[in-house]
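Working notes, beginning with the structure itself.
The values are calculated or read from the model by the stated rules, or taken from the named source; none is laboratory data. Computed from a predicted model, the values in this text were never measured in an experiment. For neighbour counting, all protein chains shown are included, and Cβ atoms are generated from backbone atoms with ideal geometry for every residue, glycine included.
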Amino acid sequence: MSGKVLEINDLHMVYSGGVHAVRGISFNVNEGESVAIIGSSGSGKSTVLRCINRLIEPTGGEIYLKGEQVNTPHTDINNLRSRIGMVFQSFELFAHLKVLDNVTLGLRQVRKMSKREAEEQALAVLERVDMLDRIDAYPGNLSGGQKQRVAIARALAMKPEVLLFDEPTSALDPELIGSVLKTIRGLADEGMTMVVVTHEISFARDVADRVIYMDQGVVAETGPSSIIDNPETERLKKFLSSINEEN
Amino acid sequence: MHEAESGLPKAAEGQGVARVVAITAVILLVAGSTPGQASGFTSGWEVVESGTSEDLLTAANFGGQVWAFGTGGVILNSIDNGISWENTDSPTTSDIRYSDSDFGSLIISGDSGLVLLKSGVDAEWTDISLPGDSQVNGISLTGGQSAIAVGNNGTIWELEEGEWTEISLSIESDLLGVSFIDENLGIVVGSDGTILFSDDGGENWEYREAPEGASDSNIVSVEFYSSTRIYAITDDGSILISMSNVVTGTDVGYVWTLVEFERHYPPGTNEYILGPENLDVELTSVEVVSTSKLLMTGAGGYLSMSINGGTIVSQQINPLGNETSFNGIVMVTGFTGIAIGDGGSILWTDNAGADDQVGFVVPEYGNFGVFVDETKEMFLSGFIATLKIVAFGIVLGFFLGVTLAMCKTSPTSLRYIVERYEPRNVRIVGIPILGAGIFQIYSAIPGTTDLGLQGIEYIFLPVGAPESFLRILLGIALTFVGLLFLSNDGEFAKIRIKSISLNPWRVRPLNTIATVYTDFFRNTPLIVQFLFIHFGVRLGALIQGPGLDIFSFENLEGNHNFLTDIFARYDYSESNYGTLVGGVLYDSAFISAICALGFNSGAYQCETIRGAIQAIPSAQMEAGRSIGLTYLQTMRRVIMPQAIRICIPPMGNEMVNLVLNSSLAMIIGYAELTRQGKLIVASTFQYAYAWGMVLISYFVVTWTLALFLRWMEEKTRIPGLGMTGGN
Ligand SMILES: Nc1ncnc2c1ncn2[C@@H]1O[C@H](COP(=O)(O)OP(=O)(O)O)[C@@H](O)[C@H]1O
Ligand SMILES: [Mg+2]
């Protein structure tokens, strides 16, 4: 079995307002593994993801990417971030750039590629997310599902070692969810290492190698995706039934 | 909010064409009419008959009459303010060179020690000559019967009760001029930059330092005009000035400066030599008419006038031609007076000698066509001058605005700056910073007491001189940073004092500096900023000097191009080879105007741009950072391109404001549109036409700008983003 890509030890995050959002979380992500994080709203899932690439500064604990510590002032954080892809709930495409330029921006500015090289690589990933036909469109003229696929392409183009998804389908209309999930599933099948925060329980069950259930800032239950069908803890049971009620 | 009119509807396109036509028509109207009538100058001096052909060397006002003296002992007298002259009996045949009248007496001196005194208009001349070998170079009365005369090798003679005593000073220099304002205060000047001062009627003399640049010059004449001002001239064409200073409590005569010439006008023209080092003439005499109005004579028929203490000097037309040199001017009133010269020449004026500007025909300005013909060149030059400061001001303001907005929104706190370094190293760096801070405060403290200020009226100078004040502020800032660094233990903890807790590590220095800047410029009147920048800091001159050193004719000769022409353009034609004729560095008022406009506009633009930056969702920054862009890269590639689009409409307001504000540049003497309008009114008295044209000109500029910005807005709009009210 291949090595650990992400290693998270005793992670704590106290926001400046005093909210203790993450209270000592530890988990590892192995090469090629896809981990799903589930949990109710406000349980600290996004906080964990944003700590991993240090969009926010964790107040305690350690995070390692392939053995290299992420959360010290001494790391080259820009380099580390370019190796960790992130897909946001609300896409966050660069509204003033066309689809193709959204994807090439990081390649040109961070990877210092020539325009031609960058475009070649961008076209390759855009093909993977099935967006080749809209490369000259501005994000404002795309549907939600298309936007999220472009966002995935933007992260993917950097050839990240791990991809973080923060509720990639929550902002989408139900009929658009499918195409995005299909794209993510394809990536998982290709062996992409990823951490997916999601409310799509069935997706977590089918795609994830491992599921982490978070509640009130701690890991309440973790295990293979089968725990979704056979939850051990009361809390997870309750959570799953509340979700099933909704659907 | 977008402007209601952003996104021009299609139907407006026809209107757009009409607008272009209208603008073009106005421009053609202004530029294309036929050339105006030439105009010229006539001399303000009239030649009057003196009845002698002796060289006239000195003149004086005495007892309601005007007196002129010259070679061969000639003494002329005029009882009608210098129009008609009578040759009076002279008790001498020696040349009379110097004269002074005061305290009801008239004293003259000349060759071979000649000194004559007249203690009343009807009194006879009394001969009080010095020994025959004395060479007198100047004389001044210190009382009805007392006087001081000066001569070569530092000799000073004092006349008291009919007796001369020689005061010998251990000075080698020749003394060339003397002037007393009352019984006590007097000044003597001489060769090698000698300046002597007496406050006891000439008994004792103190050496005063000549300004740098005049320490080798021969100071040939001096006039102690008032208790606040003394003027002196040198034979190499410089003017020295000494003023009392109320703020520092310095009396007149202590501090001497060389007048920096801004412009020197050759006779009979409106074209001037910019910023000459000297007047390029051997000056022979100076007559101070009022605190800041001077008349000067010089070799080669030089006659000139300045109405601002010498900074702008206009040479006057000499109706006798350049062969006749003038030796002195004496004014009976502020406007009536005479100039005397070689060969018995006397010129008379009743308008202070100023040349009269005359048109060959008096145009009928009431006719609009004639008015436009006559004034279009001035309008056009003002229009172009305004366009120039506006263009440079916009560029400078935008650049500053973006920089300041970036500073204000930057998250760079002190903690952020130091946290990547070992605490120990940070502490080590803290030591010199603390040292520098304490040194600044310590060395500025003497300055705070220097002035000995007391009382509530000095509330605006709480710590004395402005420089000390600034240094103390800097010192406090450095001390704060130094102490903070020294206390660094890698924890970056808050400081708690009772219930108040604050974290000094969260101070954002860039933000602080930018905030101070914008608050200052937005909370003071622009007109005062103009005055302070141009006259207080002299920023224009400060930039112009070193700027012209770099873009000097020597450096540019042979390799000038359009870029260097922006800074300094020289004339390469035969006749004026090497004269500076244009470019930003041509005129210090131009530089100051750009700076004042740009600095001010930058402060406002900063707030506009900052507002736009804050309107961009912070997640855009996170998205940029998450693909590995640095903070600055994200700002440049992601945030700014979106923010600038948002702020085009409010930016349009800023730019229109800048155009309108540019009219304030007239206060510092920059020849922009409003100032030209004022000058045109002064010469045509067509208030409605002139100001109307000025208004229309401004409108054309701002309107074009507004159209351009609307076009920009349209051009840069991101498809699918924002409400546009159109397509
Ligand atoms: N920037 C913030 N400042 C203060 N509190 C925050 C901030 N972001 C999130 N929180 C709080 O942290 C907790 C966890 O939030 P989050 O990680 O977004 O939860 P989830 O993604 O699981 O819904 C919530 O209580 C939320 O209110
Ligand atoms: Mg969340």
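One table, with the values for the structure above:
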{"quantity": "Residue that is surrounded by the fewest Cβ atoms within 10 Å (Cβ to Cβ) [pool: residues in the range B:607-620 that are among the polar types (S, T, N, Q) and more than 8 Å from chain A (Cβ to nearest Cβ)]", "calculated": "B:S618"}
{"quantity": "Selection within the range A:158-168 - in a strand (DSSP E or B) and within 16 Å of ligand 2 (Cβ to nearest atom)", "calculated": "A:L164, A:F165, A:D166"}
{"quantity": "Which numbered condition A:M86 fails, given (1) away from ligand 2 (no atom under 16 Å from the Cβ); (2) modelled with pLDDT of 95 or more", "calculated": "(1)"}
{"quantity": "Hey, A:E57 within 16 Å of ligand 1 (Cβ to nearest atom), modelled with pLDDT under 95 and surrounded by fewer than 21 Cβ atoms within 10 Å (Cβ to Cβ) or not", "calculated": "yes"}
{"quantity": "Flag if B:V20 is at pLDDT below 85, hydrophobic (A, V, I, L, M, F, W, C) and more than 35 Å from the chain's Cα centre (by Cα)", "calculated": "yes"}
{"quantity": "Restricting the range A:218-231 to residues that are in a loop (DSSP other than H, G, I, E, B) and touching a helix residue (DSSP H, G or I) at 6+ places or on another chain (Cβ under 8 Å), the residue that is farthest from ligand 2 (Cβ to nearest atom)", "calculated": "A:D229"}
{"quantity": "Residue match in the range A:33-46 (condition: free of Cβ contacts under 8 Å to residues at least 24 places away in the same chain and either within 16 Å of ligand 2 (Cβ to nearest atom) or under 17 Å from A:T222 (Cα atoms) (or both))", "calculated": "yes"}
{"quantity": "Among (1) away from ligand 1 (no atom under 16 Å from the Cβ); (2) at pLDDT below 95; (3) at negative phi, the one test that A:A153 misses", "calculated": "(2)"}
{"quantity": "Elements of type strands (runs of 3 or more DSSP E) in the range B:54-109, at least 1 residues being not assigned by TED's automatic domain parsing to the domain that holds B:S140", "calculated": "B:56-62, B:65-70, B:75-78, B:86-88"}
{"quantity": "From A:A204, A:A171, A:A137, residue being surrounded by fewer than 21 Cβ atoms within 10 Å (Cβ to Cβ) and within 16 Å of ligand 2 (Cβ to nearest atom)", "calculated": "A:A171"}
{"quantity": "Residue satisfying condition, being closer than 25 Å to B:F399 by Cβ and in contact with a strand residue (DSSP E or B) (Cβ under 8 Å, 6 or more places away or on another chain), within set B:L548, B:L531, B:L502, B:L526", "calculated": "B:L548"}
{"quantity": "The range A:184-200: number of residues that are within 16 Å of ligand 2 (Cβ to nearest atom) and away from every other protein chain (no Cβ under 14 Å)", "calculated": "5"}
{"quantity": "Scan of the range A:1-42 for residues that are buried (at least 22 other Cβ atoms within 10 Å of the Cβ) and not aliphatic (A, V, I, L, M), ordered by number", "calculated": "A:E33, A:S34, A:G39"}
{"quantity": "Any hit, the range B:264-284, residues being touching a Ser or Thr at 6+ places or on another chain (Cβ under 6 Å) and among the hydrophobic types (A, V, I, L, M, F, W, C)", "calculated": "no"}
{"quantity": "Condition broken by B:V259, with the remaining ones in (1) crowded, with 16+ Cβ neighbours inside 10 Å; (2) within 30 Å of B:G343 (Cβ to Cβ) satisfied", "calculated": "(2)"}
{"quantity": "Residues that are closer than 30 Å to A:E245 by Cβ and away from ligand 1 (no atom under 15 Å from the Cβ), drawn from the range A:1-19", "calculated": "none"}
{"quantity": "Criterion violated by B:M666 - all others in (1) touching a residue at least 40 places away in the same chain (Cβ under 8 Å); (2) closer than 30 Å to B:V528 by Cβ; (3) in a helix (DSSP H, G or I) satisfied", "calculated": "(1)"}
{"quantity": "Every residue from the range A:66-113 that is surrounded by fewer than 18 Cβ atoms within 10 Å (Cβ to Cβ) and at positive phi", "calculated": "A:K66, A:G67, A:K112"}
{"quantity": "Helices (runs of 4 or more DSSP H) lying entirely in the range A:45-157 (those with 2 or more residues that are within 12 Å of chain B (Cβ to nearest Cβ) and over 21 Å from the mean Cα position of the chain (by Cα))", "calculated": "A:99-109"}
{"quantity": "Matching strands (runs of 3 or more DSSP E) fully within the range B:274-318 where at least 3 residues are buried (at least 17 other Cβ atoms within 10 Å of the Cβ) and of a type in the set (A, V, I, L, M)", "calculated": "B:283-290, B:293-298"}
{"quantity": "Residue ID - farthest from the other protein chains (Cβ to nearest Cβ), chosen from residues in the range A:160-183 that are more than 22 Å from A:S41 (Cα to Cα) and within 14 Å of the chain's Cα centre (by Cα)", "calculated": "A:T183"}
{"quantity": "Single residue of A:V35, A:V22 found to be more than 12 Å from ligand 1 (Cβ to nearest atom) and more than 14 Å from every other protein chain (Cβ to nearest Cβ)", "calculated": "A:V35"}
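Table: residues versus (1) at pLDDT 85 or above; (2) over 28 Å from B:E46 (Cα atoms).
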site: B:D216; (1), (2): yes, yes
site: B:Y265; (1), (2): yes, no
site: B:G275; (1), (2): no, yes
site: B:T284; (1), (2): yes, no
site: B:K293; (1), (2): yes, no
site: B:G310; (1), (2): yes, no
site: B:Q315; (1), (2): yes, no
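Matching residues to (1) away from chain A (no Cβ under 14 Å); (2) surrounded by fewer than 22 Cβ atoms within 10 Å (Cβ to Cβ); (3) outside any loop (DSSP other than H, G, I, E, B):
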| residue | (1), (2), (3) |
| --- | --- |
| B:E622 | no, yes, yes |
| B:L629 | no, no, no |
| B:L632 | no, yes, yes |
| B:V638 | no, no, yes |
| B:I644 | no, yes, yes |
| B:P649 | yes, yes, yes |
| B:L658 | yes, no, yes |
| B:S662 | yes, no, yes |
